[in-house]
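Taking it in order: structure first as structure tokens, then the write-up.
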Amino acid sequence: VQLQASGGGLVQAGGSLRLSCADSGRTFSRYGMGWFRQAPGKECEFVAGMNWNGGRSYYADSVKGRFTMSGDNAKTTVYLQMNSLKPEDTAVYYCAVKSIPTPTMAISAFHSWGQGTQVTVSS
């Protein structure tokens with residue numbers, strides 16, 4: 001596993017967390033990255049994506065306006081700033097490499113999934 005997500009934890013509703021995803025093996029592609037999450041008993045869902053070219057990011061409707069994805073200039077780390085967290089945001093969060101240049105939310109368009117980090121939001 002080349003990608004490692006970190007920064008998860010337990011937070012109260014309305015709080016914030018910042019997740020990081022570091023690339024230890026030059027896994028990052030020239031296209032971009034994505035964040036996904038999986039809650040217990042639910043399917044994995046897209047959260048946010050970003051293209052390196054232009055630095056443009058895009059989000060699932062459920063997190064739009066609350067989460068912000070960014071990356072460093074060296075393209076070795078991506079971040080997910082999560083504000084105004086809700087109990088329904090509780091999940092294991094994963095980062096992954098985007099395989100195609102166009103913005104996409106499709107899981108099939110991502111690869112090299114890293115180990116996830118647990119985010120728990122209490123009410």
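The values are calculated or read from the model by the stated rules, or taken from the named source; none is laboratory data. Worth saying up front: this structure is predicted, and the values here are computed from it rather than measured. Every residue, glycine among them, receives a Cβ derived from its backbone with ideal geometry; neighbour counts consider all protein chains shown. Note: areas computed on protein heavy atoms with side chains; ligands, DNA, RNA excluded. Shrake-Rupley method; radii C 1.70, N 1.55, O 1.52, S 1.80 Å.
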What percent antiparallel are the DSSP beta bridges of the chain, to the nearest 5? 90
In the chain, once you exclude exposed trypsin sites (Lys or Arg not before Pro) (DSSP loop, at most 12 other Cβ within 10 angstrom), what's the longest stretch remaining? 65-123
Under 15 Å Cα to Cα from Lys75, which aspartates and glutamates show up? Leave out anything in the same chain fewer than 8 places away. Asp23
Output the lone cysteines of the chain: those with no second cysteine's C-beta under 4.7 Å from their C-beta. Cys44
When only Cα pairs under 8 Å and 6 or more residues apart are kept, what is the percent relative contact order across the range 46-97? 24
Which distance in nm do the two modelled labels at Ala74 and Glu45 give, with both placed 7 Å along the Cα-to-Cβ direction? 3.5
Neighbourhood charge, 12 Å Cβ-Cβ cut-off, centred on Val63 and excluding it, Lys, Arg +1 and Asp, Glu -1: 0
The chain: relative contact order as a whole-number percent, Cα under 8 Å and 6+ apart: 37
So what does the Cα-only Debye profile of the range 38-117 read at q = 0.13 Å⁻¹, as log10 I(q)/I(0), no solvent term? -0.39
Coil-residue GluC sites (Glu not before Pro) of the range 1-99, DSSP, other Cβ within 10 Å capped at 15: Glu43
Could you tell me the accessible area of Thr76 in Å² (1.4 Å probe, neighbours in place), rounded to the nearest ten? 60
